Amino acid sequence: MAGRFFRNPAAWDLTALLNAADPKAALPARNLWLARLLEWLRHAPTSREDARAAGATALPLLRLKHLLNVLDRHPEHQAAVRGVIARCWSELNAIGLFADVGFAPRMALWGEVFHRFRLRLLPGTVDTSELGELFAQLFPEATDEAWLRQIDAPLLARLQALVFPQDDDGGWRAPMRDALTVLVSSVRAAGLSGPLRLRMGADTLAGHPFEQLARASEQFVQALDGPDETALRQALQVLRALLDQCRSAVQSVPEHLEAYGVSVDIIFDVEQLTERLRRIEDLLDCLVAPDPAPRLLQLTADLVRVTHERRSLRTLFARHYSLLARKVAERSAETGEHYITRDRDEYRSMLRRAAGGGAVIAGTVFAKFAVMALGLSAFWAGFWAGANYALSFVIIHLLHWTVATKQPAMTAPAMAHKLSQIGTDEGLDGFVDEVAHLVRSQVAGILGNLAVVAPLVLLVQGAAVLLAGAPLVGEKDAHYTLHSLNVLGPSWLYAAFTGVLLFISSLIAGWAENWFVFHRLDSAIAWNPRIVARLGPTRAQAWAAWWRANVSGMAANISLGLMLGLVPALLQFLGLPIEVRHVTLSTGQLAAAVGALGPGVALTAPFWLCVLGIAGTGVLNLVVSFALAFRVALRSRGIQLADRARVRRAIWHRLRRSPGSFLSPPAGPAGR
């Protein structure tokens, strides 16, 4: 790790370290000496006595006091240390420390991702004249922030006397003023850029704060160098008022994204702009403070924090994808509401729609066997199998029918929304009602699918025997089906994997709808001159409305179908023999096997082992996809389910009091 310069315990001798201080040494050697000195401060105690002496005080503070005491007793060492620090300040460029540390060099999220990879993988160097680059080597531990903030006023005064002698600002004011100019220029450019400007509230830009920011900053810097305190206060007041207006404008961007689609690049730009505004405020506090030392110390601690935050890829993704995840979950929740039945009319409608879905899946089963019979290579077999699934799912969607296993990933975000309201007894009862609605909706979907797909496949197989003398699916494929669906094999593992694909398809659906809305494609379809000229105004408006209503469903169905076919083929290419197990498709395949081998196969053990396998497949398809989607929805909303026992008790109480509510809907109007 950068900064770990000593491996020999003897090298931690302070006397040897002070003797090595040489103001006349080359810049890299002096930088390395500073890094070693700071490493000595944070070095762990080597004895129980040291640990007891530390007590509640951070060890670096004890060592810092000891260092200052030694320097007070040895003026020659103190002069050498001051000389090293003074030469470093005079030769190091500090503008980047104040203006660049913690910020991406370019306002681009993926550029920042690769930059963080480089920071984590490549070692740093002290051979630099940029203080911003050296800073990470001087403070390589995240714990440095804590002990820096614990430095009290007396210790800070002694440290200031060492680093910045009396009547000497140490040369930090000039680079800080230059850094202020750099930050103001960056804020002005970002605020006037199209992606952000077009998404800021019109009222927040009424005073043109970004345009005025540069001039106000110049007036402040000029007043800072002048003798007139009144002019300085007025310039500072104007500059801070403009900064507040800029901050209000930036804060209005997420509101626009909530309504019109999320872009992680814009979220990243907003955060960078917000942090730069905060840094400007910190620099102003340092520049105008009567006693700047405490402000400089806090700024240093903040720089340590952002330096280590910038190394974290997890923090970057968690911060910038949280809003996108929430919008994806919310759009899935809007779709998921259509899959939850709350009264008998909706329940019967779900049964009818699921029966229609089962009828289409029956045709999908025969098409799958036809693709297998072609003997294509693995990729093309997977591609055409995926195209078959995708076409079937799209037909089901266009006819407003349903496939049961697609429901959980869509309904989970709706359930998460209800879960956010369980703080009261009424809210908890509403959540339990929703659980009951969801369970019986899933049961209705599966029953509707399976009640049609199996008889219809058997009917087609029987008709083929009567008309052509042989079933469409032969005995060889039938025996393979009995073997592959057996509960004693890996079918349940494959079913869980299929649940993951079902969940991913829901994410793709939410992302596609967000992308569609963000780029205003519905407006483009409705009002683009070429499209209007080709379709006509009425048809263009109708197409825009149709795509806005169906883009999520089309993306979910097409992506799911292609993944069911292609992902196993690609994984087999990588040596992972994973297949998919979809409860409705598996039921149709088993029915085709019975139609090929005759009804007597239903009396054999392999048949019933396949039935058990299909039952587990259905459970795993539903549970895995629901659990993953539910977890994403909870995290994206920031919901912490602290009182799990209370929720479990409420569900168990409802199950004992009214078990039928989980299977059969009430006779009255829709529940809560």
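The values are calculated or read from the model by the stated rules, or taken from the named source; none is laboratory data. The shown structure was predicted, so the numbers you read here are calculated from the model rather than taken from an experiment. When we count neighbours, we look across all protein chains shown, and the Cβ atoms used for this are built from the backbone with ideal geometry, even at glycine.
Within segment 187-217, can you find the residues that are of a type in the set (Ser, Thr, Tyr) and buried (at least 19 other Cβ atoms within 10 Å of the Cβ)? Walk me through it before giving the result.
Taking segment 187-217 and keeping what is of a type in the set (Ser, Thr, Tyr), we get 193, 204, 217.
Hit for segment 187-217 is Ser217, nothing else.
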> So which residues in segment 345-396 are in contact with a His (Cβ under 8 Å, 6 or more places away or on another chain) and at positive phi, if there are any at all?
Replying inline: none
> Do we have Leu399 as at pLDDT 90 or above and within 21 Å of Gly553 (Cβ to Cβ) here?
Replying inline: yes
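How many of the residues making up segment 120-163 are among the hydroxyl-bearing types (Ser, Thr, Tyr) and under 23 Å from Ala79 (Cβ atoms)?
Of all residues in segment 120-163, those among the hydroxyl-bearing types (Ser, Thr, Tyr) come to 125, 128-129, 143.
Retained after the next criterion (residues that are under 23 Å from Ala79 (Cβ atoms)): none.
Residues in segment 120-163 being among the hydroxyl-bearing types (Ser, Thr, Tyr) and under 23 Å from Ala79 (Cβ atoms): 0 in total.
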> Do we have any residue at all in segment 218-235 that's of a type in the set (Gly, Ala, Ser), modelled with pLDDT under 90 and either within 38 Å of the chain's Cα centre (by Cα) or loosely packed, with under 13 Cβ neighbours inside 10 Å (or both)?
Replying inline: yes
> Under the condition of being crowded, with 18+ Cβ neighbours inside 10 Å and of a type in the set (Gly, Ala, Ser), which residue from segment 571-609 is nearest to Ala362 (Cα to Cα)?
Replying inline: Gly588
> Do you know which residues across segment 545-570 are buried (at least 21 other Cβ atoms within 10 Å of the Cβ), among the hydrophobic types (A, V, I, L, M, F, W, C) and over 25 Å from Val365 (Cβ atoms)?
Replying inline: none
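With the structure loaded, tell me whether Leu467 is surrounded by fewer than 21 Cβ atoms within 10 Å (Cβ to Cβ) and either among the acidic types (Asp, Glu) or in a loop (DSSP other than H, G, I, E, B) (or both) or whether it fails that test. If you could, list the steps in order and put the result at the bottom.
Numbers: surrounded by fewer than 21 Cβ atoms within 10 Å (Cβ to Cβ): yes; either among the acidic types (Asp, Glu) or in a loop (DSSP other than H, G, I, E, B) (or both): no.
So Leu467 fails the test.
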> When Lys327 is evaluated against the numbered criteria (1) modelled with pLDDT of 90 or more; (2) of a type outside the set (A, V, I, L, M); (3) surrounded by 19 or more Cβ atoms within 10 Å (Cβ to Cβ); (4) within 30 Å of His115 (Cβ to Cβ), which criterion, by number, is the only one it fails?
Replying inline: (1)
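Mind checking which residues of segment 439-463 are closer than 17 Å to Gly598 by Cβ and either under 45 Å from the mean Cα position of the chain (by Cα) or free of Cβ contacts under 8 Å to residues at least 12 places away in the same chain (or both)? Reasoning before the result, please.
Step one: list which residues in segment 439-463 are closer than 17 Å to Gly598 by Cβ, which gives 454-455, 457-463.
Hits for segment 439-463 are Ala454, Pro455, Val457, Leu459, Ala463.
Got at least one residue in segment 246-258 being over 29 Å from the mean Cα position of the chain (by Cα), at pLDDT below 95, under 20 Å from Leu183 (Cβ atoms) and among the β-branched types (Val, Ile, Thr)?
Initial filter on segment 246-258 (over 29 Å from the mean Cα position of the chain (by Cα)): none.
Checked against the condition, which is being over 29 Å from the mean Cα position of the chain (by Cα), at pLDDT below 95, under 20 Å from Leu183 (Cβ atoms) and among the β-branched types (Val, Ile, Thr), segment 246-258 yields no hits at all.
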> List pairs: first in segment 153-174 and surrounded by 14 or more Cβ atoms within 10 Å (Cβ to Cβ), second of a type in the set (Lys, Arg) and modelled with pLDDT of 90 or more, Cβ under 7 Å, 6+ apart or cross-chain?
Replying inline: Leu155/Lys65; Leu162/Arg82
> Can you find a residue in segment 218-236 that is touching a helix residue (DSSP H, G or I) at 6+ places or on another chain (Cβ under 8 Å) and at positive phi?
Replying inline: no
> Restricting the search to segment 202-259, which residues are closer than 20 Å to Gln272 by Cβ and among the hydroxyl-bearing types (Ser, Thr, Tyr)?
Replying inline: Thr204, Ser217, Ser248, Ser252
>> Let me spell it out: the conditions are (1) touching a residue at least 12 places away in the same chain (Cβ under 8 Å); (2) in a helix (DSSP H, G or I); (3) closer than 22 Å to Asn19 by Cβ, and Gly132 meets all of them except one. Which number is the exception?
In response: (3)
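Could you please find all residues in segment 214-266 being of a type in the set (Lys, Arg) and closer than 18 Å to Thr204 by Cα?
Within segment 214-266, the subset of a type in the set (Lys, Arg) is 215, 233, 240, 247.
Scanning segment 214-266 gives Arg240, Arg247.
Tell me yes or no: at least one residue of segment 531-542 is crowded, with 20+ Cβ neighbours inside 10 Å, part of a helix (DSSP H, G or I), of a type in the set (Val, Ile, Thr) and at pLDDT 90 or above. Walk me through it before giving the result.
Initially, segment 531-542 is screened for residues crowded, with 20+ Cβ neighbours inside 10 Å, giving none.
No, there is no match, as no residue in segment 531-542 is crowded, with 20+ Cβ neighbours inside 10 Å, part of a helix (DSSP H, G or I), of a type in the set (Val, Ile, Thr) and at pLDDT 90 or above.
In segment 265-287, what residues are farther than 18 Å from Gly102 by Cβ and crowded, with 17+ Cβ neighbours inside 10 Å?
Looking only at segment 265-287, we keep the residues that are farther than 18 Å from Gly102 by Cβ, and these are 265-266, 287.
Result: Ile266, Leu287.
May I ask you to list the residues in segment 280-300 that are assigned to a loop (DSSP other than H, G, I, E, B) and under 18 Å from Ile151 (Cβ atoms)?
At the first step, the residues of segment 280-300 found to be assigned to a loop (DSSP other than H, G, I, E, B) are 289-292.
Within segment 280-300, Ala289, Asp291, Pro292 meet the criteria.
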